[in-house]
């Protein structure tokens, strides 16, 4: 009896809906039924093909309540399909257009062995010895694959420098976020090393040196500026970024080449933004990403415990009130 009333309620509800909504719902349900009844050899579960995944990615954009009609997979699976499509798109776009062939593994090992055993030989000498073996290699390839002795910097380590200047040091870095239409957005973050506070954050689709400098000005209002600003060697900062920063009293320090750990605090906060926020949704456009990150920054600074700060928030909050015991009271 209850099933009959439930079926009657669904029929009345469907009659009040538009024809377009019914067609889309019918299409999505029939597609899932076709996937479940598709002839397979001996698979324990249904298998989605590429065209099936593309259909659900489009359904997410066209249908607001697409989650209600999704029965055989989870919404997180659809988001993962979009991530895979993003990687395939850029793999196709950055495919090799020809050029010099890659060196084989044997030639790389030979270059490393010769440079390790003959440490007084330079790049040109090694290239000459390889030509005797009819192996044509450029000087650039030899410099890339030759053996290098482990060296030790005579100056203080980055760990010591960052610890000594934590409360006078900010870090900045730029990372990318893909959108639903495979467009690349760029996010610039500023974080203070002392309390791990996200000072400033902004989003753009076309980063330029002028836009980066404007973010520096917005991040340092009323003289609230760091003594040192740690950044990488990205060309988007511009050639005269350090000179312009020195004029306002900021020492812009560029990290060493191919040393992401030198800017570890900024790298870790970017990882936090991805793992706890951006990896769980598909960004629609620049405005959507800006609103999402603004809300997460407020949560990060005021409510999220930080292990580096002994589970305190970047912006200090009043400590917990200790509960009084009722023992001994009359």
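Is the shape of region 179-257 rounded, prolate or oblate, going by the alpha carbon gyration tensor and its root eigenvalues a ≥ b ≥ c, with a/c under 1.5 for rounded and a/b larger than b/c for prolate?
prolate
Quick one: check the C-alpha center-to-center distance for region 135-209 versus region 291-308, whole angstrom.
Each part reduced to its Cα centre gives a spacing of 22 Å.
Would you mind ranking 159, 125, 146, 310 by Cβ crowding within 10 Å, fewest neighbours first?
310, 159, 125, 146
Taking a ≥ b ≥ c as the square roots of the eigenvalues of the Cα gyration tensor of region 105-145, is the shape rounded (a/c under 1.5), prolate (a/b larger than b/c) or oblate?
rounded
Arrange the following residues from fewest to most other Cβ atoms within 10 Å of their Cβ: 193, 302.
Numbers: 193 21, 302 13.
Starting with the residue having the fewest Cβ neighbours, the order is 302, 193.
Every number here is computed from the coordinates shown, using simple stated rules; none is lab data. Just so we're clear, the structure is a prediction, and the values are computed from it rather than from any experiment. Cβ atoms come from the backbone with ideal geometry, glycine included; neighbour counts cover every protein chain shown.
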